[in-house]
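In what follows, a single structure is set out as structure tokens and then discussed.
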Amino acid sequence: MTDQKVGEVLGAALPYVSSSGASGPSAGIRKEITKNVIVSYGRKLNEITGQYESQAVIEYKVNRHLSIDSQIAPRNTGADVLYNYEW
């Protein structure tokens, strides 16, 4: 499934997320599919090329501390295992 197809499936009626972080400005939508699965689709400006790039992310929360992220994008496709501990 391509990042554009995920954007079409999620639709435009979902919560809108926007940021302007170190990686440049971005905007997108997020939807919590189940308690442990979140799907998001966004676009961000590639400051080197001046083009907007689409990205789809699926996040699965294994437990309170462990999650798995899968990213689909034209240049950066992959997965991460994240461990989060707050005190």
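Which residues, counting only those in the range 57-78, are loosely packed, with under 10 Cβ neighbours inside 10 Å and in a strand (DSSP E or B)? Within the range 57-78, GLY78 is the sole residue that qualifies. For first residues located in the range 45-65 and under 16 Å from GLU32 (Cβ atoms), partners that are part of a strand (DSSP E or B) and among the acidic types (Asp, Glu) and lie 6+ apart or on another chain with Cβ distances below 7 Å form the pairs VAL57/ASP69; GLU59/ASP69.
Would it be correct to say that TYR41 is in a strand (DSSP E or B), modelled with pLDDT under 90, surrounded by 10 or more Cβ atoms within 10 Å (Cβ to Cβ) and in contact with a helix residue (DSSP H, G or I) (Cβ under 9 Å, 6 or more places away or on another chain)? Give the steps one after another, and end with the answer.
Values: in a strand (DSSP E or B): yes; modelled with pLDDT under 90: yes; surrounded by 10 or more Cβ atoms within 10 Å (Cβ to Cβ): yes; in contact with a helix residue (DSSP H, G or I) (Cβ under 9 Å, 6 or more places away or on another chain): yes.
Spelling it out, TYR41 is indeed in a strand (DSSP E or B), modelled with pLDDT under 90, surrounded by 10 or more Cβ atoms within 10 Å (Cβ to Cβ) and in contact with a helix residue (DSSP H, G or I) (Cβ under 9 Å, 6 or more places away or on another chain).
Taking the criterion of being more than 16 Å from ASN36 (Cα to Cα), among the β-branched types (Val, Ile, Thr) and free of Cβ contacts under 8 Å to residues at least 60 places away in the same chain, the only residue of the range 66-87 that qualifies is THR77.
If you go through the range 52-79 one residue at a time, how many are out of contact with any strand residue (DSSP E or B) (no Cβ under 8 Å at 6 or more places or on another chain) and either modelled with pLDDT under 80 or of a type in the set (Phe, Trp, Tyr) (or both)? Break it down stepwise before answering.
Going through the range 52-79, the residues out of contact with any strand residue (DSSP E or B) (no Cβ under 8 Å at 6 or more places or on another chain) turn out to be 63-64.
Still in the running and either modelled with pLDDT under 80 or of a type in the set (Phe, Trp, Tyr) (or both): none.
Selection size over the range 52-79: 0.
Among the conditions (1) modelled with pLDDT of 90 or more; (2) of a type outside the set (D, E, K, R); (3) part of a strand (DSSP E or B), VAL17 misses just one, which is (1).
The values are calculated or read from the model by the stated rules, or taken from the named source; none is laboratory data. Predicted model only: the values in this text are computed from it and were never measured. Note that each Cβ is placed from the backbone with ideal geometry, even for glycine, and that neighbours are counted across all protein chains shown.
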